[in-house]
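Down below is the structure, laid out as structure tokens.
Taken together, the values in this text are just the output of simple stated rules run on the coordinates, not laboratory data. The model shown is predicted, which means the values in this text are computed figures rather than measured ones. In this analysis, Cβ positions are derived from the backbone assuming ideal geometry, glycine residues included, and neighbour counts consider all displayed protein chains.
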């Protein structure tokens, strides 16, 4: 989903990371996220219990409660994960996360460590992982996917952490970004290229 390029100034809060690693998203969760997670875990079997009291089926309730708790636990985690991710993207208030991110990554830069961790994966795997996981939190209802690969594509300037390096930008071998590839190689572009060749 990396064709969704973050737009500067679109949101009132600063972008921290456009594709944060799952461990960071979980570590940066706020108490409110854990409360949401717990509410879903406890609330789902609670709903099953209320339904049973309203319209008794005569079946054993224990398996239904366990199933409800399991489903609620999973749903609660995904919602808490999404809430935390939105703060990384700058879609919701994120002053606490911004300060923590600046402190942690500045310290990593001072120690000479890679800002976003080291990866044993080749560059093409890192790029593929980034393309698959960026903004995937918006489609948890279709397919829950978390970023489990360290890569350099995070949509921010490393200079703010004290690293003298250009931001990592995902490009094709022709220097095109994901959204630009469709515009230059799509049907309209091919027709335009054919028209120009016929004119010359």
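Rank-order 141-148, 41-48 by packing density, defined as the average count of other C-beta atoms within 10 Å over each peptide's residues, highest first.
Highest to lowest by the protection proxy: 41-48, 141-148.
For the stretch 22-169, take N as its residue count and report Rg(C-alpha) divided by 2.2 N^0.38 Å.
1.35
Pull out a ≥ b ≥ c, the square roots of the eigenvalues of the alpha-carbon gyration tensor of the stretch 14-73, then state rounded if a/c is under 1.5, prolate if not and a/b is larger than b/c, and oblate in the remaining case.
Since a/c reaches 1.5 and a/b is larger than b/c, the shape of the stretch 14-73 is classed as prolate.
Got a sec? How would 25, 163, 35 order by Cβ neighbour count within 10 Å, fewest to most?
Listing 25, 163, 35 from fewest to most nearby Cβ atoms yields 35, 163, 25.
For 37, 49, what's the fewest-to-most ordering of other Cβ within 10 Å of each Cβ?
Lowest count first: 49, 37.
Roughly how many whole Å is it from the C-alpha centroid of the stretch 10-32 to that of the stretch 42-88?
First find each Cα centre; the distance between them is then 26 Å.
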